[in-house]
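The values are calculated or read from the model by the stated rules, or taken from the named source; none is laboratory data. Predicted model only: the values in this text are computed from it and were never measured. In this analysis, Cβ positions are derived from the backbone assuming ideal geometry, glycine residues included, and neighbour counts consider all displayed protein chains.
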Amino acid sequence: MDGIHDLGGKQGFGRVDVDEPEEAFHSDWEARAYGIVRAMKKAPDWTLDKFRFTREQIEPADYLTRPYYDQWLQSYAALMVGAGVASVEEIASGHAKTGPASLGPAPDPVSVAAEQKQAGVTFARPGSAPAFSVGDKVLTKPHAHGGHTRLPSYIRGHIGEIAHVRGAFIFPDDSAAGIERAEPLYTVAFKASDIWPGEGLSHMVLLDLWESYLDLA
């Protein structure tokens, strides 16, 4: 889906501030919001991609003016209402009246911390054999669709070269719709001068892209 979230390559927003202090949170409420989200017992059909798709549907004016973690809270509130976990009234009041038994008890802080620190986690999944090999020239799809996608608008319709074959990973476009399907993922190298001609650029742009986004050039 093309929305306000896809700002890659867009003009008119000024320079990126690369000197911003490196800090996890800008205020205490952001840390609390992060902790609440991580400790939530999520509904069975919630996925990272469904969350992203929900966030992408925030009104443009809200998206550009609300702080990042405020967007998180807004998105999770929408997910909770959509899944029947909570009502708008409960969220507005801050007090739950009922709770879906299927969710079970909320996780305790110790288990949440242990899960977040777990080492050696891999997201690779069994999937089909890759259709492309290192060195192949590929062309990105020229269009998006109405759902969630990880194919940025600025790279669509451009020719790149397969730099790495990463294995099979959950395809986000399907995952946002509740379908768990893995497919090959590639690191694709693009010439910056092809993406933004006339700018005198000499470097390469590397993107991890799923097979469904690509055709042989």
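Below are the figures for this structure:
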item: Scan of segment 142-183 for residues that are polar (S, T, N, Q) and in contact with a Gly (Cβ under 8 Å, 6 or more places away or on another chain), ordered by number; result: SER153
item: Residues located in segment 22-38, provided they are modelled with pLDDT of 90 or more and charged (D, E, K, R); result: ASP28, GLU30, ARG32
item: Elements of type helices (runs of 4 or more DSSP H) in segment 100-213, at least 2 residues being over 23 Å from the mean Cα position of the chain (by Cα); result: 109-116, 192-195
item: Selection within segment 33-68 - hydroxyl-bearing (Ser, Thr, Tyr) and farther than 22 Å from MET1 by Cα; result: TYR34
item: Selection status of ASP19, surrounded by fewer than 13 Cβ atoms within 10 Å (Cβ to Cβ), outside any helix (DSSP H, G or I), at pLDDT below 95 and within 17 Å of the chain's Cα centre (by Cα); result: no
item: Boolean, PHE171 is exposed (fewer than 12 other Cβ atoms within 10 Å of the Cβ), of a type in the set (A, V, I, L, M, F, W, C), in contact (Cβ under 8 Å) with a residue 40 or more places away in the chain and not assigned by TED's automatic domain parsing to the domain that holds TRP46; result: no
item: Meets criteria (part of a helix (DSSP H, G or I), modelled with pLDDT of 85 or more, among the hydrophobic types (A, V, I, L, M, F, W, C) and closer than 30 Å to TYR213 by Cβ) for LEU79; result: yes
